[in-house]
């Protein structure tokens, strides 16, 4: 079956490890094993086999710290994306291109405006992993929504139902399912300079306050006994990171927490040596960290919402009200004192991840989506 000529792009792929870069990489790797023509445009750095790297000024380049270019620092992401868009657009107009599947807007908007003026046969398929509101994606031809809530929002806003596809992001669950025995876990914790005599609470996400609410996590952790628990925050540094670190230094004992930024290739090991996974954000698209922690067989404690009830199942014991002080710390104490309930929930999380979100379960849905788009006029 012919699935068309697919183009994927991700300007940060190769040196940025957010969920959207990881999604693009794994989608490319999954589709590359199928009978499909696919081109991936990515940033420089760790270049995937067969991908096309584009040299653009990186958003985190040290050049923006120099006095000559410091005034452009706040526009560094925009500059990178616009430069990245030039060879991408050239390809779309000079090579066979049926569908451009993407999750970052600036290059897609460049293609949209070029197509309005010059024409073009390619279709723009937006993967709403941000997520964006419907008003922000109305210009795109098709939208891959990742949750029932996103689907409902799109329909209520008047986006054409036939052009919406409800398909969650996939995950290669296998690397996260490896189990270590007690001694191996302790050895790995020593390598990471983590304590071996306490339960390890892991949170993975951008170290900020406005979205991931790492400040709330620090406040909730301050309610727990530091001789019984240790907090490990792993994620990309942010403009708000220093404030989070200052709050931790004020509220927590020095030997009770640690901040790290970890290459994605090492993330399966990070989950393997943790006891709990927590994320305090109130709203999300469908963060990969949920799926990663589920695959690793961890009890997960997150804010109860229509999204988390859909991902984790509505009866999941880890769903709490993250706006109510004390609910997170109380749930950790509950799991700690009820190991049977904790282990049963962890096993259920792992089975759900494999059955619903592994790439092996989702790949055919992506191919069917491409086929439907390809055969529409």
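Computed from the coordinates by the stated procedures, all read-outs in this text should not be read as laboratory data. The shown structure was predicted, so the numbers you read here are calculated from the model rather than taken from an experiment. Neighbour counts run over all protein chains shown; Cβ positions are idealised from the backbone, glycine included.
Dividing the mean sequence gap of close Cα pairs (under 8 Å, 6+ apart) by how many residues the chain holds gives a relative contact order of 15 percent. Among 361-371, 66-76, sorting by the average number of other beta carbon atoms lying within 10 angstrom of each residue, highest first, gives 361-371, 66-76. Would you please classify the overall shape of the range 208-270 from the alpha carbon gyration tensor, given that a ≥ b ≥ c denote the square roots of the eigenvalues, rounded means a/c under 1.5, and beyond that prolate means a/b larger than b/c while oblate covers the rest? It comes out oblate by the Cα gyration axes. For a test of the definition: using alpha carbon positions, the gyration tensor, and the 1.5 limit on a/c, classify the range 174-357 as rounded, prolate or oblate. Since a/c stays below 1.5, the shape of the range 174-357 is classed as rounded.
Specify which labelled value, from (i) 162; (ii) 188; (iii) 151, agrees with volume of the Cα convex hull per residue in Å³ derived from the coordinates of the model shown. Of the listed options (i) 162; (ii) 188; (iii) 151, (iii) comes from this structure. The range 260-301 and the range 189-204 have their alpha-carbon centroids 14 Å apart. Averaging the Cα positions of each part gives two centres, and for the range 129-170 and the range 218-258 these lie 36 Å apart.
From helices alone, the chain scores -12500 deg cm²/dmol at 222 nm; the rule is -39500 (n - 2.57) for each run of n ≥ 4 DSSP H residues, then divide by the residue total.
Specify whether the C-alpha gyration tensor of the range 122-221 places it in the rounded, prolate or oblate class, a ≥ b ≥ c being the square roots of the eigenvalues: rounded for a/c under 1.5, otherwise prolate if a/b is larger than b/c and oblate if not. Cα axes put the range 122-221 in the prolate bin. When 183, 284 are arranged by Cβ crowding within 10 Å, least crowded first, meaning fewest neighbours, the order is 183, 284. When only alpha carbons are used to place a centre, the range 355-370 and the range 1-50 end up 16 Å from one another. Extension gain, residue 192-residue 163: 0.36 nm per intervening residue step, less the Cα-Cα distance, totals 5.8 nm.
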